[in-house]
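Q: Provided herewith is a single structure, encoded as structure tokens, for subsequent inquiry.
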Amino acid sequence: MTTGNRSSLGRLFHGETAVDFYGRRRRGFTVSLVLLVLSVVSLFARGLDLGLDFEGGVAWQVPATASMDADIARDVLRENGLDPANAKIQKLSNASEETIRVQVADQPADVVDAVQKSLAEAASVSSEDVSVTSVSSSWGRAITEKAIRALVIFLVLVTIYISWRFEWRMAVAAIAAMAHDVVISVGVYSVLQFEVTPATVVAFLTILGYSLYDTIVVFDKVQDNVKSFSGTRMPIADIVNVSTNQVLMRSINTSVSSLLPVLSLLILGSGVFGAVTLREFAIALLVGMLTGAYSSLIVATPLVALLKQRETKYASLVGPHSTGDTLRAMVVSGLPTGVRATRRAEATDGGPSSGGSDTATAVLTHPPRPRKKRRR
Amino acid sequence: MTRRLLGSLIGVVAVVLLAVVGNLSAGNEIALGLDLQGGVSVTQEPVGEYNSESLDVAVERIRERVDALGVSEPEIIRQGDAVVVNLPGVDNQDEAIRLVQVTGAVLLRPVVSASPISPGAGVPETEAPATGSTPETTAAPGPSRSIPGATTPDTAPDTTPEATSETLATDSASPSDAEPVDSVADTADDSVPPTGSDLPPASEFADVAAQPISSDPNDPTASVIVQNIDGTEIYQLGPAFATGEVFNSDATADIIQGGWGVRVTLKRGSGGEDLWNIGASQCFSGTGSCPTRRMAIVLDGVVQSAPTVNQPSFSGGVDITGNFKESEAKDLARVLKSGALPVRLEVQAVQTVSPTLGEDSLRATLVAGLIGIALVLLFMILYYRTLAIVVVGGLVVSGGILWNVITFLSASSGLALSLAGAAGIIVSVGITIDSYVVFFEKLKDEVKAGRTLRNSAERGFKSTWRTIVAADTVSLLAAFTLWYLTVGSVRGFAFFLGLATLTDLVVAWFFTRPAMMLLARSGRVGRRGAFGIKVAPGGAS
């Protein structure tokens, strides 16, 4: 098996990449930090466009017939004693029909009925064709509070679980990566001023779950490698780099597989068929899944390395880590080598290690452990 | 080992197939949520003071009303204190709101006349106000057991043992033996029976016969004709003289004089005891407003109990006894508790979804979802080639499991698939696929390390299983927390996320594992370089 002469795509496919994730952590952290700051600034400056379900209010949706347009809807509001200036009037279109959506603040039931009838008259449709959505503002607040409470409890549970299954450092890193993903996704909503609906909240929660899921798959690999390298004097940076490269293909494949249905929902579902609920849902998911896959490799894993470096076992091993072909050799074999350990002693004062092809071959001279004889 | 794997593989496929056949032959279908089918959703929340019984009773009443309306697949969901009623196919918003506005309030009305409903007739004889048909009450002297002041703290000082003066009525003239015969007795030891001297004039109860009979059974000021709870008797009732709020909310079912009964205390003062005693004295005397001497306890137009009043006035508490079964006594106690502090449900949110909108969304989700899954499969086939057979098989099996569970729950417990839920399932395809990707990548590593395919499959699955369990546990945690603590579409999403994650685990263990191991043993995959890398010879057994 040769390792030197493949294209980068070929290397990816064969799991022979040697990306120095740990060494380039600062770049990743900077990108993330910029995005986070942008999101937070936008959240404070522009806020979120909270939909009907959170702020309360009434919305009527009436088919856009020949006699119905936004101006007429405004007239109808005025007739019923509502100020059209405070109303949000949108034209929605999907494949089969166009509708006009009129949204105002919380109104008493008789006003709601009266407007419904007037709108139906104006559009010359039966009043059953005018769909009404009304949410009292207290109810909107209540569901938001419930969702936040659920979220906090979930985070506590997940922290406990990860600390128990892995270790607390990984829990910290995973939660940080998840917060990163959610803040950036919410930031996209704030920057683009998309309306936040219950479907969006569902999407944010999916992102949260997806981000954690993805991070845990990577951490599982890190933990595996920490165990298998425990007898050696490998710096944690190497272990983390080896693990990240080993799961790189899986992360990309999974992301593609997860994104395909979402893209399908976005392009076909909302673009072609015009289901608006789907559009919002899909955009949030798209952003969230991309940041989720990104953060588990670029944010969470280097963070674990940084945290673990404070452990006594690894504190003494801080120093230059392997890159290039040395790293590749370890990624491919999953084994540290005696050669490497001795080379390490020489290389400590020789600046950054220059992994040579001789090391790679040295690694590969170790054949896999012979199989034990098994019963068939 | 091979046999066991084969057994698991065939077993899971057979179970899924059998369940599909079972569901199909039972005619079960996936119930569509409101957003997919169209209809009205009303969310109500209690405001002000109420007790948990009154909310329970109100929700039950809503359920009965909705069931009586014959709406197909209605959903009545308690989410914390909020009550969400989804009525698919209903497009009249006003009607829906009227339907679900229930308070759990109890009215106390004098019985003008009562007549049994013969089981065969079905149609109640509404024109039977003849007093002859009403059950006569005969006073049966029975020493009432002295109750150690539990329910009557106000009469504690004057405990005179002359409780025998109070009688418990038994109804000998009851037309049907199965019918519970109720009576009301004072639990207090009335040393000074307050005979109507301090009662306000009860002229409003006079001339009952002249009262117009209202079509709204909940109109407290009109006479009404209603049935009792098990449909054995029909009553003409006068205007309500009081509501259940005369009672404290401490009604309990208890053994009273050797049979199940309900004991409840009266509130003191003009809003409680006094009001009750006005009605009680009229019923006891059997005058024009209450010729039958019975008083009906009415909840939402249904007589819960119509006991005979055995004494003109009460102080402290009331016992209701009769041929109650334990469950009936407990139900009545619950109704009285509810009536003591009825819940006021306020409509918080109303959503009318027009069915065309729903239909469009449904088609869009379905088509987009199927295309998305097809693309994923195509990607898998291009990337993993032969191994993709396992992915396709696994997705078919998990699809089958999901379909079975959802249809079964739709039919049995009114689960409805909402747009958020459908989208959640499509999204969870990603998580399912990930299990395979993790497994295959691991397999690749093992094969590259020089192991045979057979060996790699076993080792690979072992480590993959640990990864899948760890990652899926987080998803399940999310699903359970969200399902338990949130409302509305988030809750629907959480349910389907949890369901899909559990399915993922089941399929990984019972389908993917045996399928992959058998495939590895057969040697067919190995020879062709399944993942674009050479596999060490000897993979075949």
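Taken together, the values in this text are just the output of simple stated rules run on the coordinates, not laboratory data. This one's a predicted model, so the numbers in the text were calculated from it and none came from an experiment. Methodologically, a virtual Cβ is constructed for each residue, glycine included, from the backbone with ideal geometry; neighbour enumeration extends over all protein chains shown.
Q: Expressed as a whole number of Å, what is the distance separating the alpha-carbon centroids of the range A:167-181 and the range B:1-36?
A: When both Cα centres are located, 38 Å separates them.
Q: Just to be sure I understand: if I project the alpha-carbon convex hull of the range A:142-253 onto a plane and average over all orientations, what area do I get in nm²?
A: Directional mean of the projected Cα hull area for the range A:142-253 stands at 8.4 nm².
Q: Oh, and also: What does the charge add up to near residue B:335, with Lys and Arg as +1, Asp and Glu as -1, over the other residues with Cβ less than 12 Å from its Cβ?
A: Here the charged neighbours net out to -2.
Q: Here is a follow-up. Provide the net charge surrounding residue A:204, with neighbours chosen by a C-beta distance below 13 Å and charges set as Lys +1, Arg +1, Asp -1, Glu -1.
A: Combined, the nearby Lys, Arg, Asp and Glu give -2.
Q: Lys and Arg at +1, Asp and Glu at -1: add these up for the other residues within a Cβ distance under 15 Å of residue B:509 and post the number.
A: Computed value for this residue: +1.
Q: Per-residue Cβ counts within 10 Å, from other chains only, averaged over A:148-159: what number is that?
A: 4
Q: Same structure, new question: How would A:22, A:161 line up from fewest to most surrounding beta-carbon atoms within 10 angstrom?
A: A:161, A:22
Q: While we're on this one: Roughly how big is the range A:57-135's charge dipole about its Cα centre, with Cβ charges of +1 (Lys, Arg) and -1 (Asp, Glu), in debye to the nearest 20?
A: Dipole of the range A:57-135, to the nearest 20 debye: 220 debye.
Q: Starting from the 7 Å offset along Cα-to-Cβ, what nm value, one decimal, do you get for the label separation of residue B:214 and residue A:124?
A: So the label points at residue B:214 and residue A:124 sit 4.4 nm apart.
Q: Given a Förster radius of 60 Å and the C-beta distance between residue B:466 and residue A:40 as r, what FRET efficiency does 1/(1 + (r/R0)^6) yield to the nearest 0.05?
A: So, using R0 = 60 Å, E works out to roughly 0.95.
Q: Next up: Once you compute Rg and the Kirkwood Rh from C-alpha atoms, what is the Rg to Rh ratio for the range A:57-135?
A: 0.92
Q: Efficiency by 1/(1 + (r/R0)^6): what FRET value for residue A:252 and residue B:509, r their Cβ-Cβ distance, R0 = 30 Å, to the nearest 0.05?
A: That pair, residue A:252 with residue B:509, gives E of 0.70.
Q: With charges only on Cβ, +1 for K and R and -1 for D and E, what is the dipole size of the range B:252-402 about its Cα centre, in debye, rounded to 20?
A: So the magnitude is around 160 debye.
Q: Sticking with this one: Would you please put A:82-91, B:336-345, B:267-276, B:513-522 in order of how densely packed they are, using the mean number of other Cβ atoms within 10 angstrom per residue and starting with the highest?
A: B:336-345, B:513-522, B:267-276, A:82-91
Q: When you look at the Cβ of every residue in B:490-497, what mean number of other chain Cβ atoms sits within 10 Å?
A: Per residue, the number of nearby Cβ atoms from other chains is 4 on average.
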